[in-house]
Amino acid sequence: MRRRKIKLIIGYDGTHYHGWQIQPGYSTLQETLCQAATSLVGRKTHVHGASRTDAGVHALGQSGLIEVAGPIPTENFPKALTDRLPEDIAVTDACEVDRRFDLIGDVTRKLYRYTLCVSKPRPVLMTRYCWHLPGSIDIGAMQQAARHLVGEQNFKSMASSADARQSAMRTLFRCDVTEEIEGMNHWVRVDVEGNGFLYNMARNIVGTLVDIGHGRWGADHMPAILKAQDRNAAGQLAPARGLCLMWIKY
């Protein structure tokens, strides 16, 4: 029977997982999905992921890929897989792709969204999905600093020291800081859209913008941070729980 490549769209609450990638001795999203796919297909099936999200990071639009040779219709995979997954993971879409499709190499854009709550009351229903930072923060300074991040440049200062990739050149198409007041909650969201991300890059960007919003540096200091190409020149690492992978485009 003809083997098919099936691209999956996957959403998950990453709170109880040690990140995406399989790691012996830890509960991971990839391992959980592989078990569900193996159960459905009836033979060992690996689920590849387009983004190796960190422990505690969430997703609404992670891309996965499986290869199957069985008779299950492609459109049945979302429900059939979700029925075999815990409640904090769901497969929301599936489509057959060309044999030449490269899950990682063909990515053109990704969008990460980071959510902060800066109002005093703790947002008890959202604490797993935001960084609670009660107190004043200069949104205008954050917005001004974020503009310096747009374009193709070296983001080594925003990468974890554990990132061993040879090139730190990436392109950010936008870095938007917006705010919304909803009842007692004052939300600040940072949307970072790029062609690729270094390890911890999105969280380091947010942490640096927060430090600027709190007055550690002026907004115009961002170019100097990037020019240093040194993680120590940038700001704090934002907690994983506020970050969500919104979508990946090909």
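List the relative contact order of segment 112-217 as a percent without decimals, with contacts defined as Cα pairs under 8 Å and 6+ residues apart. Let's see the in-between values first.
Details: 188 pairs, mean separation 35.9, N = 106.
Rounded, it is 34 percent for segment 112-217.
Count the DSSP beta bridges whose two residues both fall in the chain, then state the antiparallel fraction as a percent rounded to the nearest 5.
Details: 46 of 50 bridges.
Expressed as a percentage, antiparallel bridges in the chain total about 90.
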query: Any idea how far apart T74 and E180 come out in nm if each label point goes 7 Å out from Cα toward Cβ?
result: 3.3
field: Total charge dipole magnitude, segment 109-249, about the Cα centre, Cβ charges on Lys, Arg, Asp, Glu only, Debye to nearest 20
entry: 440
task: Please report the relative contact order for the chain, taking Cα pairs under 8 Å with a sequence separation of at least 6, and give it as a percent rounded to a whole number.
output: 23
- request: Could you work out which residue, out of A55, A69, A94, moves most in a Gaussian network model of the chain, that is, has the largest mean-square fluctuation with Cα springs under 10 Å?
  value: A69
task: With a point put 7 Å past each Cα toward its Cβ, work out how far I104 is from L237 in nm, to one decimal.
output: 2.0
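Hey, got the dipole for segment 4-97? About the Cα centre, +1 on K and R Cβ, -1 on D and E Cβ, debye to the nearest 20? Show your work: numbers first, answer last.
Numbers: 8 positive and 10 negative charges, 76 e Å.
Around 360 debye, computed over segment 4-97.
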Gaussian network model of the chain, Cα within-10 Å springs - most flexible of D13, D106, D191: D106
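With the cut-off at 25 Å, tell me which of the pairs K7/K110; K5/K110; K120/K156; K44/K110; K7/K79; K7/K156 have Cα atoms farther apart than that. Mind showing how you got there, number by number?
Details: K7/K110 16 Å; K5/K110 21 Å; K120/K156 34 Å; K44/K110 29 Å; K7/K79 14 Å; K7/K156 31 Å.
Going by Cα-Cα distance, K120/K156; K44/K110; K7/K156 fall outside the 25 Å limit.
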task: Please turn the phi angles of segment 144-149 into ³J(HN,Hα) values with the Karplus equation 6.51 cos²θ - 1.76 cosθ + 1.60 (θ = phi - 60°), one per residue in order, whole Hz, x for glycine and proline.
output: 5, 5, 4, 5, 5, 8
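Contact order normalised by length for segment 4-97, with contacts defined as Cα pairs under 8 Å and 6 or more residues apart; what percent is it?
On the way: 200 pairs, mean separation 40.0, N = 94.
Worked out over segment 4-97, it gives 43 percent.
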query: Out of T45, L8, G19, whose Cα points farthest toward the positive end of the dipole of segment 8-83 (charges: +1 Lys, Arg; -1 Asp, Glu; placed on Cβ)?
result: T45
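Residues with beta-carbon under 12 Å from that of A55, excluding A55: net charge, scoring Lys, Arg +1 and Asp, Glu -1?
Values: positive: R52, R203, R241; negative: D54.
Here the count lands on +2.
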field: Distance between modelled label sites at A162 and E96, nm, 7 Å Cα→Cβ extension
entry: 4.0
field: K227-S136 FRET efficiency (beta carbon distance; Förster radius 25 Å; 0.05 resolution)
entry: 0.30
query: With charges only on Cβ, +1 for K and R and -1 for D and E, what is the dipole size of the chain about its Cα centre, in debye, rounded to 20?
result: 620
Segment 3-42: chymotrypsin sites (Phe, Trp or Tyr not before Pro) in DSSP coil with no more than 12 other Cβ atoms inside 10 Å: Y26
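Loop only per DSSP, at most 16 neighbouring Cβ atoms within 10 Å: give me the trypsin sites (Lys or Arg not before Pro) in segment 145-191, ordered by residue number. Show your work: numbers first, answer last.
Working: sites: R147, K156, R165, R170, R174, R189; in loops: R165.
Answer by residue number: R165.
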query: Of N232, M246, P123, which is farthest on the positive side of the dipole of segment 109-249, counting Cα position, with +1 on Lys and Arg Cβ, -1 on Asp and Glu Cβ, and the Cα centre as origin?
result: M246
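FYI, it's all coordinate maths here, none of it is from the lab. On a predicted model such as this, the values are computed, not experimentally measured, just so you know. When we count neighbours, we look across all protein chains shown, and the Cβ atoms used for this are built from the backbone with ideal geometry, even at glycine.
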